[in-house]
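Notes to accompany the following structure.
The values are calculated or read from the model by the stated rules, or taken from the named source; none is laboratory data. In this text the structure is predicted, and so the values were computed from the model without any measurement. For neighbour counting, all protein chains shown are included, and Cβ atoms are generated from backbone atoms with ideal geometry for every residue, glycine included. Side chains are part of the model used for accessible areas, which takes the heavy atoms of the whole protein and leaves out ligands, DNA and RNA. Shrake-Rupley method; radii C 1.70, N 1.55, O 1.52, S 1.80 Å.
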Amino acid sequence: MQARTASSWTSATRCSCSPATAGSTRRASLLDLKRIRSDPDGVREKLRRKGEVTGLDRLIELDVRHREGLREIEGWRAQRNTRSREIAELLRREPDAAEAAKAEVRALGERLREREADLEAWRSEIEDLLLRLPNTPHESVPVGADAASNVVVRTWGDPPRRNFEVRPHWEVGVELGILDFERGAKLAGSGFVVLRGAGARLQRALIAFMLDHHRAAGFEEVSPPFVANRQAMRGSGQIPKMEADMYRVESEDLFLIPTGEVPVTALHADEILDEQRLPLRYVAYTPCFRLEAGAHGRDTRGLIRVHQFDKVEMVAFTRPEDSYAELEWLVSRAESVLQALALPYRVLLLSTGDMGANNAKQYDLEVWAPGVQRWLEVSSVSNFEDYQARRSGIRLRRRSGEATLAHTLNGSGLALPRTLIALLENGLGPDGSVVVPDVLRPYLGGLARIDPPQERT
RNA sequence: GGAGGGGUGGCCGAGUUGGCCUAAGGCGGCACCCUGCUAAGGUGUUACUCGGGCAACCGGGUCGCGGGUUCGAAUCCCGCCCCCUCCGCCA
């Protein structure tokens, strides 16, 4: 794979444009509208694979009406422009005639203003409907209503056979004194946890290891803001559909990021990238904040589902023709982390009904957790094709000079809490101690095992 | 938070007494020509986007964002965002 230097994109993409600020009205490109126009049945069929299709008929109807209005209004504008130019002439030769012409154009302007209000209403409804349409799934994605149609692509590693009961991490971690759920809940509520001592260090070691691991494969490490504005959220597809699941800083209209994908993808919003510098690959550590509004009562114990967690995220920007090869490569990079940690996992190709709304194709990596006796999703790797690029205005310049939408991808590499679960439950010994994987020991001053404390605090 | 300066096409950068700005020029890119040597030169071309059209092409919009004045706004007025300098405050 092509190695990049940290400075490779700066000259081409330095953002002299004002950053994507709230209040900007960059509209969703109507390119995908053209696709809907030219092949409404094909689009409808593909959207159906993901679930119920809403708003498509309304969208098509509005589009026809909007375009009719546009033709009318643009004709008037053309008239106004030519008449205005004539007035400049008349003012020099026949002032009286100029006054008459002014009155005429003024009337035209008023008519224009009325029609513009209608058009604007349609346009904004069209945009809203477009922003709510999910991405269409790739042909290679298995069609199915739910997780039952997911395909196990491969499995790696064998769960260690042990002659003692492997207890869940919330018992193991508490006994080791490295997980403190009670105090997390005390200071922030249920779903927040405090890592202590070797647990805190272990998490930090995991983050550092993963960043180094990906950096060695050619990713540029970035450390973005952990909040993002509405525009960035809309660009990556969190808004409008998932707004209710995010923490919001009301005074600033900012959101706590639900994933590093948001700020890192937004890095190149409203930019035209140089084709020859692609792919751009980034890796970022960020915390992630999720309200988990629809998940009350699910996975309430332990680290499986928490409101705040850490994650190392990979994000890639590619040419359209390269994105599916990139997807496979990103999956392999995420897998390589689990392999380095010697954790057994499987790779799932998600079905149309189970995958994310924004994705064209998605793989999940699930690690085996013997304590809770479950496969846990530690990574989700997705190709968004041009879905996010269209919303965000991420394009590339072809050698031919043409500007076209880029493809974006991302994948966890990995999510920390569930990785921690797997380490605790797979590395557990009969005495309650936990083995530290070889690759992490340099980050922990050589620590090879976490032992139960002599006395509890 | 206060004062001042600024935001123009992939990049740099002219343009603010409103009207051939239908945005100069340069860089970069692309095409061709010349040239025989790890180079340079010449000519042409090159913003994005929407609508109409098979197409050539025609028309609309876009000079940070939104609104206003006007027959007409990059240019004038108002609000907001961002960047820079100085002051204040502060990790």
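What to note about this one:
- HN-Hα J in Hz across the stretch A:419-436 - Karplus 6.51, -1.76, 1.60, θ = phi - 60°, x for Gly and Pro: 5, 4, 4, 5, 5, 5, 7, 7, x, 5, x, x, 8, x, 7, 10, 7, 8
- Amide H contacts for A:Arg248 (H built 1.01 Å from N in the peptide plane; partners 5 or more residues away or on another chain; cut-off under 5 Å): A:Leu256.
- Whole-Hz couplings from phi, Karplus 6.51/-1.76/1.60, listed for the stretch A:269-281; x for Gly and Pro: 4, 6, 10, 10, 8, 7, 3, 6, 9, 7, x, 9, 10
- Electrostatic bookkeeping for A:Leu444 treats Lys and Arg as +1 and Asp and Glu as -1; over the other residues with beta carbon under 10 Å from its beta carbon, the sum is +3.
- Using alpha carbons only, the radius of gyration of the stretch A:147-450 set against its Kirkwood radius gives Rg/Rh = 0.97.
- Taking a sphere under 12 Å around the Cβ of A:Leu414 and counting the other residues whose Cβ falls inside, with K and R at +1 and D and E at -1, yields a net charge of -3.
- For the pair the stretch A:99-177 / the stretch A:415-436, the C-alpha centres are spaced 34 Å from each other.
- Residue-wise HN-Hα couplings along the stretch A:188-199, as the Karplus relation 6.51 cos²θ - 1.76 cosθ + 1.60 with θ = phi - 60° gives them from phi, are 9, x, 5, x, 10, 10, 10, 8, 10, x, 5, x Hz; Gly and Pro carry x.
- Distant-in-sequence amide contacts of A:Gly393, defined by a placed amide H-H separation under 5 Å and a gap of 5 or more residues or a different chain, comprise A:Asp270.
- Accessible area ranking (1.4 Å probe, heavy atoms, ligands and nucleic acids excluded), largest first, for A:Val193, A:Val143: A:Val143, A:Val193.
- Multiplying the residue separation of A:Leu56 and A:Asp128 by 0.36 nm and subtracting their alpha-carbon distance yields 24.8 nm.
- Sorted largest first by accessible area at a 1.4 angstrom probe radius, with every protein chain in place, the residues A:Arg132, A:Arg346, A:Arg204, A:Arg77 fall in the order A:Arg204, A:Arg132, A:Arg77, A:Arg346.
- Amide H contacts under 5 Å for A:Val378, placed H, 5+ residues apart: A:Leu365, A:Glu366, A:Val367
- Fully extended contour minus Cα-Cα distance, from A:Glu221 to A:Arg37, at 0.36 nm per residue: 62.1 nm
- For A:Lys311, the accessible surface of its heavy atoms amounts to roughly 10 Å² (probe 1.4 Å, protein chains only, rounded to the nearest 10).
- Average accessible area per residue (Å²) across chain A - probe 1.4 Å, nucleic acids and ligands excluded: 48
- Full-extension gain in nm, A:Asp146 to A:Ala97, via 0.36 nm per residue minus C-alpha separation: 10.5 nm
- Highest average first, the peptides A:270-280, A:79-89 ordered by how many other beta carbon atoms sit within 10 Å of their residues are A:270-280, A:79-89.
- Among A:Pro160, A:Ala208, A:Asn410 - extreme Cα towards positive end, dipole of the stretch A:147-450, charges at beta-carbon: A:Pro160
- Dipole check for the stretch A:372-452: with +1 at the C-beta of Lys and Arg, -1 at the C-beta of Asp and Glu, and the Cα centre as origin, the magnitude is about 600 Debye.
- Axis of helix A:40-50 versus longest Cα principal axis of chain A: the two differ by about 20°, to the nearest ten degrees.
- Kirkwood-based shape ratio for the stretch A:345-398, expressed as Rg/Rh from alpha carbons: 1.16
- Nearest-20 debye value, the stretch A:218-290 charge dipole, Cβ charges on Lys, Arg, Asp, Glu: 240
- Considering only A:Gly237, A:Leu291, A:Val227, the residue lying farthest towards the positive end of the dipole of the stretch A:210-329 is A:Leu291, judged by Cα position with unit charges set on Cβ.
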